[in-house]
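**Q** Encoded as structure tokens, here's the structure I'll be asking about.
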Amino acid sequence: FMYIKKATALLLAAILASSALFTACSDKSSDDKTGQSDTTVVEETTKDILAGLDFGGRDFRIQMSNTFISSADLMMDAGESTGDVVDDAVYQRNMTVSERLNIGFVYTETDYAWDQVATNIRKIIQAGDDAFDLIVNDQRGMAQLSAEKIFTNVYNCKYFDFESAGWWDKYMRDLTIGNKYMYLLVGDYFIDVLRKAHVIYYNRDIFRDIYGDPDEIYKAVNEGKWTYDLMLTYINGAYLDTDGDGKKGPNDQFGMIIAGVGGSIFPYEYAGEPDFIARDENGIPSITIANDRSDRLYQKIYEVYYSDATDTNYTENSQQFFGKFKSGGSLFLSTATIGEFDILRDMENDVGILPYPKLDEAQSTYHTTIHDTAEIGAIPTTCGDPDFASAVIQALCEESNKILIPAYYETALKIKYTRDNYSSQMIDIVYEGIDGLFPLIYGGTYANDIFTWTFLEPLKAKTNTWMSSYEKRIKAAESQLQELINMYTSED
């Protein structure tokens with residue numbers, strides 16, 4: 001579901017890149033969801049909050065995460081034009097901001113393991129040095145630190161305009177508690193969030209051989225009929241004992257391959273629109289995972305993972321995992337993101353892209369999970385001039401919306417990497433369904449990991465009942481969540 005600022009970003013990208021108009025949505029309250037039938041056209045704001053600013057050649061200092069799965073190359077630049085559409089857009093965006101505000105960029109690159117992000121950043125800020133104006137790193141670790149209030153409350157920064165194109169304000173509000181504080185920044189500059197959007201890929205040639213028209217799934221998606229039950233039908237009918245040994249093995253053709261029984265569960269969980277939390281009128285969350293919908297969702301996830309036509313014996317991001325799919329070894333591949341689409345460019349078989357399915361047809365829309373290690377931003381409290389920081393980050397998001405998003409989304413992702421007309425429609429649906437997920441991002445540290453392990457523990461144990469896992473976690477989870485709420489909303 002697309003909210004007004006994200007809608008503006010997508011609409012401008014389409015106009016600038018290909019003159020194709022997207023559906024945009026009218027603004028809603030923070031808890032309201034928009035449907036795909038809304039056709040209100042959103043116009044770009046004419047307000048320029050940065051007009052007349054000149055920082056006299058001042059350096060803007062970024063601690064930039066640069067791991068093998070990060071998007072640092074789409075935030076920093078090569079220092080010159082290379083002829084590649086996306087690379088040149090990154091370079092142009094940075095040059096435009098540099099000239100617009102008369103600043104330079106200084107990067108300090110890091111390569112933290114996901115479970116060391118909070119520890120390492122905390123040490124830097126607790127040292128008290130004004131070393132960085134912006135820190136970019138994994139949202140799970142950054143969320144942990146936001147509760148400790150070692151990041152600046154962005155509502156107090158002078159030059160942020162979250163109403164302007166380029167900001168994902170609903171996503172940011174989903175990662176807050178209450179209405180007074182916001183510490184985490186998500187927008188078009190932080191493009192790793194888009195690139196970490198989970199999708200399902202499918203082998204259109206295998207589908208054609210078994211079921212006929214490979215566009216049949218696309219049509220089901222567009223008609224709102226792409227559900228767990230339909231996906232399971234396709235999975236179960238696609239297994240083939242390729243080596244003829246009479247038993248399931250690594251050389252066979254599968255209906256689905258999944259990178260292990262672990263973090264791969266996230267997009268399956270949240271695609272089903274689970275009622276894991278509720279918020280009161282003041283934006284305060286409570287745990288509501290014990291409900292009938294959760295039970296139905298778990299049963300479907302269990303069926304996917306333990307179908308005779310599913311193989312989960314892979315490691316995430318491994319060459320073996322993608323190689324199995326690229327060689328025609330499976331109809332579907334999950335545990336993959338939009339940013340990994342380019343890995344499949346040299347695949348001989350025709351490949352398609354899909355959102356994760358709905359729990360049932362009554363579900364109003366498709367939901368896209370962003371992996372918990374997607375990289376976002378924050379201004380450390382040690383930053384001596386948060387207003388300066390806000391001006392530069394504001395400009396980076398605005399110019400990313402104008403320059404980078406059209407190049408990446410329209411030119412590279414939807415034209416260069418896709419092979420059929422429907423794929424670009426699917427990418428739009430995936431984009432529109434992106435959620436900022438409070439349970440996923442905060443639950444591991446501040447809710448006894450109840451949102452993950454209530455389902456994952458029994459799934460690993462191959463049992464189709466989950467309540468005992470929930471019951472042994474709920475007391476500590478509620479206590480930890482209340483501690484988080486108290487930390488986040490305290491005035492000191």
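**Q** Measure out, as a whole number of angstrom, how far apart the alpha-carbon centroids of region 138-183 and region 79-99 sit.
**A** 27
**Q** Quick one: plug the Kirkwood hydrodynamic radius of the chain (C-alpha pairs) into Stokes-Einstein at 25 °C, 0.890 mPa s, and report D in µm²/s. Mind dumping the intermediate values first?
**A** Working: Rh = 23.3 Å.
Estimated diffusion coefficient is 105 µm²/s.
**Q** Now for a separate question. In terms of the Cα gyration tensor, with a ≥ b ≥ c the square roots of its eigenvalues, is region 46-197 rounded because a/c is under 1.5, prolate because a/b exceeds b/c, or oblate?
**A** Rounded is the answer for region 46-197, as its axis ratio a/c remains below 1.5.
**Q** Just to confirm a number: summing +1 for Lys and Arg and -1 for Asp and Glu over residues other than VAL90 whose beta-carbon lies under 10 angstrom from that of VAL90, what do you get?
**A** -4
**Q** Viscosity 1.567 mPa s, temperature 4 °C: give me the Stokes-Einstein translational D for region 269-332 in µm²/s, with Rh taken as the Kirkwood radius over C-alpha pairs.
**A** 88
**Q** I would also like to ask the following. Once you list every other residue whose beta carbon is under 13 Å from the beta carbon of ILE49, what net charge do they have if Lys and Arg are +1 and Asp and Glu are -1?
**A** -2
**Q** Further question: With respect to the cross-link table entries LYS225/LYS324; LYS326/LYS462; LYS149/LYS170; LYS180/LYS402; LYS219/LYS358, which display a Cα-Cα separation exceeding 25 Å?
**A** Pairs exceeding 25 Å: LYS225/LYS324; LYS326/LYS462; LYS180/LYS402.
**Q** Separate question: Between SER286 and LYS123, what FRET efficiency follows from the Cβ-Cβ distance if R0 is 30 Å, with the result rounded to 0.05?
**A** Computed FRET efficiency for SER286 and LYS123 comes out at 0.35.
**Q** Hey, what did the chain get for relative contact order, percent, Cα under 8 Å, at least 6 apart?
**A** Worked out over the chain, it gives 24 percent.
**Q** How long is region 206-333 along each principal axis, judged by its Cα atoms, biggest number first, in Å?
**A** Cα spread of region 206-333 along its principal axes, largest to smallest: 59, 32, 24 Å.
**Q** Next question, about the same structure. Using a 10 Å cut-off on Cβ atoms, rank the peptides 323-334, 288-299, 172-183 from the highest mean neighbour count down.
**A** Per-residue mean Cβ counts within 10 Å order the peptides as 323-334, 172-183, 288-299.
**Q** For the chain, with only Lys/Arg (+1) and Asp/Glu (-1) charged at the beta-carbon, what is the dipole magnitude about the Cα centre, in debye rounded to 20? Please report the intermediate quantities before stating the final value.
**A** Values: 42 positive and 77 negative charges, 130 e Å.
Computed about the Cα centre, the dipole is about 620 debye.
**Q** Beta carbons within 10 angstrom, averaged per residue: use that to sort the peptides 344-352, 407-415, 374-382, highest first.
**A** So the peptides 344-352, 407-415, 374-382, ranked by packing, come out 374-382, 407-415, 344-352.
**Q** Of the listed peptides 153-162, 237-246, 202-211, what is their order by residue-averaged count of other C-beta atoms within 10 Å, with the highest listed first?
**A** 202-211, 153-162, 237-246
**Q** Then there is this: Given the -39500 (n - 2.57) contribution per DSSP H run of 4+ residues, what per-residue ellipticity at 222 nm results for the chain, rounded to the nearest 500 deg cm²/dmol?
**A** The per-residue figure over the chain is -11000 deg cm²/dmol.
**Q** Take every Cα-Cα pair in region 299-366 and report what % of them are more than 17 Å apart.
**A** Pairs farther apart than 17 Å: 50 percent.
Read-outs throughout are calculated quantities, based only on the coordinates presented, and are distinct from any laboratory measurement. Since the structure is predicted, the reported quantities are computational estimates derived from the model, not experimental observations. FYI the Cβ positions are ideal-geometry reconstructions off the backbone, even for glycines, and counts take in every protein chain you see.
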